[in-house]
Amino acid sequence: MRLRRSLGLPLLAGDATDGLTDQQRTRLEDGLIGACREVGSALLAEGQIREGWMYLRPVGDKAEAAKLLGQIEATDENYEDLIDVCLHEGIDIGRGYDLVLERFGTCNAITTYDSSLARRPRSEQAPAAKLLLRRVHDDLVASVKADIARQEGQQPLGESLRELVHDREWLFQDNSYHLDTTHLAATVRIARALLDPDDLRLALDLTEYGRRLSQQFQYQGDEPFAQMYLANALFFQALLGENIDEAAAYFKNKAEMLDPQHHGYAAIETYIDLLSRLGRHQEALDAALKFGLGSIQPLGSAPPLVELASRSGDYSALLAHCREKQDLLGFVAALIQSAK
């Protein structure tokens, strides 16, 4: 009301404002955003999470909202509101997901990830995937070490699963396991969203344990990861600079052999994504053109053609492809990007 009065407007927002000049409209809009920021910040300072976010949403400053939310301690009374705003509204996904893990446990955290995060950009998935991976890895290591200590009468050396299970086949006798095997399989799958080498090593370590499980716990994944632990191990190894050619050949074969009509495009997406993450951008672009991925929109995990062309620095093949396919939008996008 103070703002409207300073602009010489009626105090009630319901009154007509059709006759505003451009300057008045800009000042009014900026002032309304400022009012929302002031009120939203004040509400969050008082611990009113949903109410504060309602005002801060139109401001669009997620970093400021995350900073303010970070000053609110989670309690039994407000943790659901914090999860809703931090996780589901995307303000601080790491904190929101950590609260899900803490309050609801691993099973619900995996369900939440698949329902709320799996289709988001990889950068938004990563904070949650990292937390889940470290929780599951820590729990599994602790469980395995406790079992070894009971059987051998002393605490074992080593902090990796690979070290702990080496030459201890008896850990898996009689269909034994040390952590819910569905949680293990889901965590390995989710860890593919991660880029940090330390995280990838933990994910690879989980496959070292998983591949030793009884056959009844060797769950079949979706292609091209039907062989759950073998295929994921190859994927993680390649990203860590190990067995790169073997992994590239494995996923290339999957991309070429699996019919998209029956298996979808996941195998093709995975192969192209792997090549790009390995820095083999020209190969990734060539494969994407060969398999006919979209020029503008990404398809699953694979980057769009324009992005691959930008990474490789070669737009000529993409421009020819778009011309052949009568893809005007892709052609224009590639032309503009190449001019930069």
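Computed values, structure above
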{"quantity": "Rounded to the nearest 10 Å², the accessible area of residue 291 at probe 1.4 Å", "calculated": "50 Å²"}
{"quantity": "In order through segment 79-84: 3J(HN,Hα) via Karplus (6.51 cos²θ - 1.76 cosθ + 1.60), integer Hz, x for Gly, Pro", "calculated": "5, 5, 5, 5, 4, 4"}
{"quantity": "Environment charge at residue 61 (Cβ cut-off 11 Å; Lys +1, Arg +1, Asp -1, Glu -1)", "calculated": "+3"}
{"quantity": "Residue among 231, 288, 142 with the largest mean-square fluctuation in a Gaussian network model of the chain, springs linking Cα atoms under 10 Å", "calculated": "142"}
{"quantity": "Charge dipole magnitude, Cβ of K and R +1, D and E -1 - segment 37-95, Cα centre, debye nearest 20", "calculated": "300 debye"}
{"quantity": "Lys, Arg +1 and Asp, Glu -1 on Cβ, resulting dipole of the chain about Cα centre, debye, nearest 20", "calculated": "840 debye"}
{"quantity": "Modelled FRET efficiency - R0 45 Å, residue 50 with residue 146, Cβ distances, 0.05 increments", "calculated": "0.60"}
{"quantity": "Cut-off of 10 Å, at most 13 other beta carbons, DSSP loop: longest stretch of the chain lacking such GluC sites (Glu not before Pro)", "calculated": "243-340"}
{"quantity": "Zone residues, segment 166-189, relative to residue 154, backbone N less than 18 Å from point 7 Å out along Cα-to-Cβ", "calculated": "166-168"}
{"quantity": "Per DSSP, loop trypsin sites (Lys or Arg not before Pro) in segment 71-148 with at most 11 further Cβ within 10 Å", "calculated": "119"}
{"quantity": "Mean Cα-pair separation over length for the chain, i.e. relative contact order, pairs under 8 Å, 6 or more apart, %", "calculated": "7 percent"}
{"quantity": "Sequence-distant residues sharing a close amide H with residue 227 (under 5 Å, placed H)", "calculated": "221"}
{"quantity": "Which listed pairs, of 67/340; 62/130; 67/130, have C-alpha distances above 26 Å, in listed order", "calculated": "67/340"}
{"quantity": "Length added when fully stretched, residue 216-residue 163, from 0.36 nm per residue minus Cα-Cα", "calculated": "16.7 nm"}
{"quantity": "Segment residue 63-residue 172, extension gain: residue separation times 0.36 nm, minus the distance between their alpha carbons", "calculated": "34.5 nm"}
{"quantity": "C-alpha long axis of helix 328-339 to longest principal axis of the chain, angle in °", "calculated": "90 degrees"}
{"quantity": "Reachable lysines from residue 290, criterion Cα separation under 16 angstrom, eight or more residues apart if same chain", "calculated": "252, 254, 325"}
{"quantity": "Accessible-area ranking of 201, 162, largest first, probe 1.4 Å", "calculated": "162, 201"}
{"quantity": "Student exercise, segment 111-208 dipole from Lys, Arg, Asp, Glu Cβ charges, in Debye to nearest 20", "calculated": "520 debye"}
{"quantity": "Proximal aspartates and glutamates to residue 145, defined as alpha-carbon separation beneath 18 angstrom and excluding residues fewer than eight positions away on the same chain", "calculated": "159, 163, 167, 169, 180, 205, 208"}
{"quantity": "From phi via Karplus (6.51, -1.76, 1.60), per-residue ³J(HN,Hα) for segment 110-120 in Hz, x at Gly/Pro", "calculated": "5, 4, 5, 4, 5, 8, 10, 10, 4, 9, 7"}
{"quantity": "Surface share of carbon and sulfur [accessible, 1.4 angstrom probe, percent] for the chain", "calculated": "48 percent"}
{"quantity": "Solvent-accessible area per residue, Å², over the chain with all protein chains present [probe radius 1.4 Å]", "calculated": "54 Å²"}
{"quantity": "Three-way shape call for the chain based on the alpha-carbon gyration tensor, with the a/c threshold at 1.5", "calculated": "oblate"}
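The values are calculated or read from the model by the stated rules, or taken from the named source; none is laboratory data. In this text, all values refer to a predicted model and were calculated from it rather than measured experimentally. Cβ atoms come from the backbone with ideal geometry, glycine included; neighbour counts cover every protein chain shown. Ligands, DNA and RNA are stripped out before the accessible areas are found, and what is left, the full protein with its side chains, is counted by its heavy atoms. Shrake-Rupley method; radii C 1.70, N 1.55, O 1.52, S 1.80 Å.
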